[in-house]
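Trainee: Starting off with a structure, shown below.
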Amino acid sequence: MRCLLIDDSPRYLRAARALLEREGVAVVGMAQTGEEALARVAELRPDVTLVDINLSGESGFDLARRLTSGQHHDGRPQVILISSHSADDFEDLIESSPAAGFLDKSNLSAAAIASLVGAD
């Protein structure tokens, strides 16, 4: 599984990358803004993209829609929304988003990602 991480916290990006790589996930890149994410997806063509819901004033929900629209890359990665907030805080927005699912940042793991995207 090839994964792209999108979060506005460099510290979280480093920690998440280390965790996922220890668990066998190929973290092919990281981005801190929506525009950077769109460029990385087109360039790196990940299988799955983890998108923080709150990107320093940008909406992760809007970015998820843009990433899955197909306008930026033909293979359209599966998107998983992530946050340090509870899913209950965003339940309606998560359900109406094109994301494959939601993960609380504290529950991030290769197995959790695979279960949401149907990977083995």
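Trainee: Please specify each residue of the stretch 80-108 satisfying the condition of being in contact with a strand residue (DSSP E or B) (Cβ under 6 Å, 6 or more places away or on another chain) and among the small types (G, A, S).
Mentor: Passing the criteria: A87, A99, A100, G101.
Trainee: Could you check the stretch 55-82 and list, in sequence order, the residues that are polar (S, T, N, Q), farther than 14 Å from L4 by Cβ and modelled with pLDDT under 90?
Mentor: Within the stretch 55-82, S56, S69, Q71 qualify.
Trainee: Quick one: which of A31, A15 is among the hydrophobic types (A, V, I, L, M, F, W, C), at pLDDT 95 or above and crowded, with 16+ Cβ neighbours inside 10 Å?
Mentor: Being among the hydrophobic types (A, V, I, L, M, F, W, C), at pLDDT 95 or above and crowded, with 16+ Cβ neighbours inside 10 Å holds for just one of A31, A15, which is A31.
Trainee: Out of A110, A87, I need the residue that is touching an Asp or Glu at 6+ places or on another chain (Cβ under 8 Å), aliphatic (A, V, I, L, M), modelled with pLDDT of 85 or more and within 21 Å of A16 (Cβ to Cβ). Which one?
Mentor: A110
Trainee: Just the residues that are surrounded by 19 or more Cβ atoms within 10 Å (Cβ to Cβ) and either out of contact with any helix residue (DSSP H, G or I) (no Cβ under 9 Å at 6 or more places or on another chain) or at pLDDT below 90 (or both), please, taken from the stretch 34-54.
Mentor: Correct list: R40 only.
The values are calculated or read from the model by the stated rules, or taken from the named source; none is laboratory data. All figures in this text were calculated on a predicted structure; none of them were measured in a lab. Methodologically, a virtual Cβ is constructed for each residue, glycine included, from the backbone with ideal geometry; neighbour enumeration extends over all protein chains shown.
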